[in-house]
Each structure stands twice: as C-alpha cells, then as structure tokens.
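First the structure, in the form of structure tokens, and then the observations on it.
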Amino acid sequence: MTLQDTGLAAYNFAYLDEQTKRMIRRAILKAIAIPGYQVPFASREMPMPYGWGTGGVQVTASIIGPEDVLKVIDQGSDDTTNAVSIRKFFEKTAGVETTTRTGEATVIQTRHRIPEAPLKEGQVLVYQVPIPEPLRFLEPRETETRKMHALEEYGLMHVKLYEDIARNGHIATTYAYPVKVEGRYVMDPSPTPKFDNPKMDNCAALQLFGAGREKRIYAIPPYTSVVSLDFEDHPFEVNRFEQPCALCGAEGVYLDEMILDDKGGRMFCCSDTDFCEERRGEAESVSASNGEIV
Amino acid sequence: MQIPNGLDGQGAERHGRDKPLLSVSGVSHYYGDRIGCRNVSFTLYPGEVLAIVGESGSGKTTLLNCISTRMEPTTGEVTYRFRDGSVKNLYRMGEAERRFLMRTDWGFVHQNPADGLRMTVSAGANVGERLMAVGERHYGRIRETATDWLTKVEIAADRIDDQPRAFSGGMRQRLQIARNLVTHPRLVFMDEPTGGLDVSVQARMLDLLRGLVADLGLAVIIVTHDLAVARLLSHRMMVMKDGEVIETGLTDQLLDDPQAAYTQLLVSSILQV
Ligand SMILES: [Zn+2]
C-alpha cells in the first residue's frame, strides 16, 4: 500500500467523511440489533485494493475515536504487511495510538484469527470478511439466499456438512465453519479457522464483520449465543494440536507451522504472536525474579 | 391400483377418503391480454391421479403452476387440506408456510431433472436435503433413508456418493423422484415426467411411477401431452385446449368414448400408434 502523506492530510479523521461514517454506523447499529443478519451498506473506495480488508477498514474507520487504541492482526500476527499497512493507515489518518497487546487494545481489526487471550467488555473485534454469504456455495442466486435467511430455511447448510462427511468420513471444513447466531441467523465467520468458533460464543466483546467488495456488515453483540452447526453423530470439534507451542509451551492454542530450514526442519508455534510473546515475557520475568539465568 | 374404476370422488368416499385434498375453483391466469388458462375448477381426492392433457399452448402448464403455488392465478381459489384436517387457501398462506408445504407434504417432479436436482452434490445429499430441511440432524439415519430410497427407484446403493452429473437421463429422473418422495408427501405434481427421456426408458419409468404411486397412495397431478402416459398412470383426465378445460372424466371412459371433437381427434391420433 502506498499512502502519500501529503495527500492524506486533506482527508477527514480516519479517512472517511462524516456522512459516510454515519451511514456505516447506521448499518452497524442495525447489524447489532439483528445478530448474524447481513446488512447491506454502500461500501466506499478505500486507498487499498479489495482483499486488503476494505470492509473491515471502513467499519474500523466508522467506530474509532481519538481515545481508542488500535491493534491489527493478520493470521494472528501483528507484523504481516497487511496488518502493518492498516495500522499505519490509522496512525496517519486518525492519529490514534496503536498496540500489539490484545489486553491494551480497544479496537482490534483482524483477518483469520481471534486472539487467544479472552476479550473483555468494551473491546470491539472487527473482522475483515471476503465472502459473507454462507449459503452461496450451493445457491448462487442472491434473491434466493435472502429468502432462505428470511424464512430460516437452512437445510442447505447441512447438505454441505453431509457432503463433507460422505467424502471425508468426517466434517473436514476447517475454515469458514458455519454458525447459528442467537438461534436464528446462520452466519459465515469466514475466514477464521473453526478453532476460533467457540470464542465467538458468549464473547464479552462486540464483534463486527465488514465485507467491502460484497458490501455487507454483520455483527455479534456481546454475550450472544454462537453455535457451530453439526450432526448428532458427527458433533462439532475444534482442531487439536499434538504438541504445545515450541516457543512458549502453550497448549490448547492455535499453532502455525514454521519451516526452519530447507532440510525439512520445522516447528509449531502460536499463530497469535502477541500471546506467545507475552507468555515468554512473563516466563522471563518470573525466572529473573527467582534469580535464575535463562 | 387401489382406486376402483367409475368413481369420480364417490369412490374415494366409499374408501373413507371422503374429503378433497385439493380444491381448485374458478382459476384463471392472464398474461396481459392473453389467456393462460380460464375458469378451471376441479377437486382432487387423496390417492387420486389426475392427468391434465393438452398440446403445447393449451394452458396445462400455466394451470399446473397456478395450483402448485409457483404462480399466483389472476382470479380463483386453490385450497388444500392439511394433515391436521385444516383447509387453507394457498394464496392466503404466508410464504414461509407455503414453501414448507412444498418441501414436505408436496413434491414437484420437473420434466428436466436438472431443474429439480442439485447437480453438484451427491445423490445421497439430493435425497437427504428435504430431511435436513425439516430438522433431521443424524447423518447415519439420513444416509440409511437415502440408501433406501435409491433402492426403491432402482438406483444401485453404491452410487450414493456420485453426483447426478454422472447419471443417465433416466437415473436422474428417478433420483428426482426419490428426492421428492423421501418426506412422504401426500400430493405430487409432475410436469411431463417422461418427456425428456428416450422412448426405450420411458416404459420402465412409467412402470416405476405406477408402482410408487399405488404403494404410497399418492395423489398426483400430472401434466402431459402424451395420452399413453395419462392412460397408464391416471384415474381421471382433464383435456385442455386454448386455456380451457374442454372435457373431463374417468380416464378409461374418456379414452374409450371421447365426447369433444378435439378429444376424439387426439385419441384417434394415438390409438393408431
Ligand atoms: Zn507460543
């Protein structure tokens, strides 16, 4: 992303003009009022390509204030090009403080992951969503998918899971695993791994989803029920990892595989880099206070 | 067949099925100034098979769409008796209820199986979809029921994970039938169900349909231009021309002794074959 400092100086706080922000806020309010329902909105051109999270960026731009502290992650990491670019974008256009610490952030924009550390009341998690419609893979007509949502006709979602089991012997969907929100709307948490689905359920933070190219916003208000779809004889299960994180020893967290060399050396470590660093930091300070040498 | 001859409604009454399943009253549909169908009335009893016969442009497909909630009639009423005995006007029901009815108590067999199937999911999922739509959440049971139905329509059980794209036209049509019947509907609409098939497989398909309809006690409204299909499957016939019903009666009687000149012409043309 190339941002011209001089050019941006002419823009409003957080880039979008106030009228656009009000329009997006109205969509967000409606989305919060109807958990899991996809609200159409007039998505604007952003100074970055689609696929770079323009939906999430517009949502963040509409809710962020000067007092907010922003964290941006991509695949769990604060350091990828995408995350760094979006963070810089808001540093420049809104002058807000940014952080990599989950606990310190008031707004967290994410692609692919939900932080491992439990979110708190008052925090907002903004997801960048490429494809918001969970029914689309089998029903390409939008008039029909809207009707299916309106009439709560969700048999098709189970057809997809059925096919999965018929082909693989188990539900092989690991990303964009469909959920039912507050017992009503079926929603695509895309493209987060299903490992994170349980974190959406009864979460203390507000969760907002923005799809820029598809012009949709949806939301999960705090403390909302989010249930992953499944069959009685093939219940929903999260991915399990055989070993703990090679760096911090954490168990029950989502791990990424790191290639160490070209001889096949590899290790598994936390995909949430902040979580991993904080744990290692704590371990160091504990060791230090015990007078040990690490 | 269970239904004795010579009975237009009264026969059903004698068998304790005394109340109409579907009542059509004064149904007309206009496309602008052009008549689709005009002032059609009839009743259909449980387990009864009615053939609507006519050439293309006769209004038979318009009528089928009007009575199966696929297209609202310009005037007229269609009422349906639900399993709980209540009778409802189809066009005064909410859309949710109407769609629910269509995928549970009703079936619709299209001439072209691709219109009634999901071509990119397996045969098993095609059959199982209606079960899942009404809340079945046990994979093993869905699969068992799907296997059962594939067997009933003479599709080998080991084809359950194949997509209909890999099936012949006849197999696709049989799969479409299984997909419709899995929820044990009471009324099935069929639009030229053998129309797209090779002549060589038509006879087998008609046999299969005849058996299923009788075994399940289905009420069927079948639209066809083919009097041979009507003769084999239906108890009663309605002949349409230019949007209107010109003759109606028991199939055997009507074919033996057609009254309207147009029907006589139709009958003489097939009986020569
Ligand atoms: Zn770690």
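Considering the convex hull of the alpha carbon atoms of region B:171-216, report its projected area averaged over all viewing directions, in nm², one decimal.
For region B:171-216, the mean projected area of the Cα convex hull comes to 3.1 nm².
Along the charge dipole of the protein assembly as shown, which of B:Leu265, A:Gly36, B:Thr104 sits closest to the positive end, that is, farthest toward it, with unit charges on the beta carbon of Lys, Arg, Asp and Glu (+1, +1, -1, -1)?
So the residue we want is B:Leu265.
Using C-alpha positions alone, give me the convex hull volume of the protein assembly as shown per residue in cubic angstrom.
So the per-residue hull volume is 205 Å³.
Averaged over every viewing direction, what's the projected area of the C-alpha convex hull for chain B? Give it in nm², one decimal, please.
Average projection, Cα convex hull of chain B: 14.7 nm².
Restricting to the protein assembly as shown, compute how many DSSP beta bridges are antiparallel as a %, nearest 5.
About 55 percent, rounded to the nearest 5.
So who's got an amide H within less than 5 Å of the one on B:Ile222, skipping anything under 5 residues away but keeping other chains? H placed 1.01 Å off N, in plane.
Amide H to amide H, under 5 Å and 5 or more residues apart or across chains, B:Ile222 pairs with B:Leu50, B:Ala51, B:Ile52, B:Met190.
Find the sum over both chains of the accessible area lost when A and B are paired, probe 1.4 Å, and report it in Å² to the nearest 100.
Buried area (both sides, nearest 100 Å²): 1900 Å².
Run the dipole for region A:240-294 about the Cα centre, Lys and Arg Cβ at +1, Asp and Glu Cβ at -1, nothing else charged, and hand back the magnitude in debye, nearest 20. The partial results should precede the final answer.
Details: 5 positive and 13 negative charges, 35 e Å.
Dipole magnitude for region A:240-294 comes out near 160 debye.
Mind checking the full-extension length gain between A:Arg213 and A:Ala150? Use 0.36 nm per residue of separation minus the Cα-Cα distance, one decimal, nm.
20.4 nm
Could you tell me the center-to-center distance, by alpha carbons, between region B:234-273 and region B:102-175 in angstrom?
Between the Cα centre of region B:234-273 and that of region B:102-175, the gap is 35 Å.
Give the cross-link partners of A:Lys88 among the lysines, using a straight C-alpha distance below 26 Å as the criterion and excluding same-chain residues fewer than 8 apart.
Reachable lysines: A:Lys21, A:Lys71, A:Lys120, A:Lys215.
If you take every DSSP beta bridge fully contained in chain B, what fraction is antiparallel? Give it as a percent rounded to 5.
Antiparallel bridges make up about 55 percent of those DSSP assigns within chain B.
Between 0 and 90 degrees, rounded to the nearest ten: what's the tilt of helix B:261-271 against the longest Cα principal axis of chain B?
Relative to chain B, helix B:261-271 is tipped by roughly 50 degrees.
For region A:7-150, what is the percent of antiparallel DSSP beta bridges, rounded to the nearest 5? Walk me through the numbers on the way to the answer.
On the way: 2 of 13 bridges.
Taking every DSSP beta bridge within region A:7-150, about 15 percent pair in antiparallel fashion.
Fully extended, how many nm does the chain gain between B:Asp148 and B:Asp242 (0.36 nm per residue separation, minus their Cα-Cα distance)?
On the way: separation 94, 0.36 × 94 = 33.84 nm, distance 4.29 nm.
Taking 0.36 nm per residue and subtracting the Cα distance, the gain is 29.6 nm.
Keeping the other protein chains in place, figure out the carbon and sulfur percent of the accessible area of the protein assembly as shown, with a 1.4 Å probe.
Within the protein assembly as shown, the accessible surface is 48 percent carbon and sulfur.
Averaged across A:157-165, how many Cβ atoms of other chains sit within 10 Å of each residue's Cβ atom?
If you average over the peptide's residues, the count of other-chain Cβ atoms is 6.
In terms of Cα to Cα distance under 23 Å, which lysines are near enough to B:Lys60, apart from those fewer than 8 places away along the same chain?
Qualifying lysines at Cα under 23 Å: B:Lys241.
Over region B:53-130, with the other protein chains present, what is the accessible area per residue in square angstrom, probe 1.4 angstrom?
The answer is 39 Å² per residue.
Explain nothing, just the number: dipole magnitude of the protein assembly as shown about its Cα centre with +1 on each Lys and Arg Cβ and -1 on each Asp and Glu Cβ, in debye rounded to the nearest 20. Before the final figure, lay out the partial values.
Values: 63 positive and 77 negative charges, 284 e Å.
Charge dipole, the protein assembly as shown, about its Cα centre: 1360 debye, nearest 20.
Assigning unit charges at the beta carbon (Lys, Arg +1; Asp, Glu -1) and nothing else, what dipole magnitude in debye, to the nearest 20, does chain A show about its Cα centre?
1180 debye
If packing is taken as the average count of other Cβ atoms within 10 Å, what order do A:69-76, B:251-258 fall into, highest mean first?
A:69-76, B:251-258
Note down the net charge around B:Met119, summing +1 for each Lys or Arg and -1 for each Asp or Glu among other residues with Cβ under 9 Å from its Cβ. Don't skip to the end; give the middle numbers.
On the way: positive: B:Arg118, B:Arg165, B:Arg172; negative: none.
Net charge in that neighbourhood comes out at +3.
Taking a threshold of 20 Å on the Cα-Cα distance, which of the pairs A:Lys30/A:Lys160; A:Lys160/A:Lys180; A:Lys30/A:Lys199 fall above it?
Beyond 20 Å: A:Lys30/A:Lys160; A:Lys30/A:Lys199.
For region A:240-294, list log₁₀ I(q)/I(0) at each q in 0.14 Å⁻¹, using the Debye formula over Cα point scatterers of equal strength and ignoring solvent, two decimals each.
Log10 I(q)/I(0), no solvent term: -0.44.
Can you work out the FRET efficiency for the pair A:Tyr11 and B:Arg165, with r the C-beta to C-beta distance and R0 = 41 Å, to the nearest 0.05?
Efficiency, from the Cβ-Cβ distance: 0.20.
Given a 1.4 Å probe, how much area per residue of chain A is accessible, in Å²? Before the final figure, lay out each step's value.
Details: 13460 Å² over 294 residues.
For chain A, the solvent-accessible area averages 46 Å² per residue.
Is the C-alpha gyration tensor of chain A telling us rounded, prolate or oblate? Criteria: a/c under 1.5 is rounded; beyond that, a/b larger than b/c is prolate, otherwise oblate.
It is oblate, given that a/c is not under 1.5 and a/b is not larger than b/c.
Show the residues, 5+ positions off or on another chain, whose built amide H is closer than 5 Å to the amide H of B:Gly107.
Sorted by chain and number, the residues that satisfy this are B:Leu187, B:Val188, B:Phe189.
What nm distance separates the two modelled labels at B:Thr104 and A:Lys120, each placed 7 Å from Cα along Cα→Cβ?
Each label point lies 7 Å from its Cα, and together they span 4.9 nm.
Post the alpha-carbon centroid distance, region A:31-106 to region A:226-261, in whole angstrom.
26 Å
What does the charge count near B:Leu64 come to, summing +1 for each Lys or Arg and -1 for each Asp or Glu among other residues with Cβ under 13 Å from its Cβ?
0
If you stretched the chain out fully between A:Ala246 and A:Arg167, how much longer would it get, using 0.36 nm times the residue separation minus the C-alpha to C-alpha distance?
25.1 nm
Can you give the net charge of the other residues whose Cβ lies under 13 Å from the Cβ of A:Thr102, counting K and R as +1 and D and E as -1?
-1
How about region B:94-119: which of its residues lose at least 20 Å² of accessible area in the presence of all protein chains relative to their chain isolated, using a 1.4 Å probe?
The answer is B:Glu95, B:Ala96, B:Arg99, B:Arg103, B:Arg118 - residues whose exposure falls by at least 20 Å² when every protein chain is included.
Order the peptides A:248-255, A:37-44 from the highest to the lowest mean number of other Cβ atoms within 10 Å of their residues.
The packing order, highest mean first, is A:37-44, A:248-255.
The values are calculated or read from the model by the stated rules, or taken from the named source; none is laboratory data. What you see is a predicted model, and the numbers here were worked out from it, not measured in a lab. When we count neighbours, we look across all protein chains shown, and the Cβ atoms used for this are built from the backbone with ideal geometry, even at glycine. Heads up: the accessible areas ignore ligands, DNA and RNA and are worked out on the full protein's heavy atoms, side chains in. Shrake-Rupley method; radii C 1.70, N 1.55, O 1.52, S 1.80 Å.
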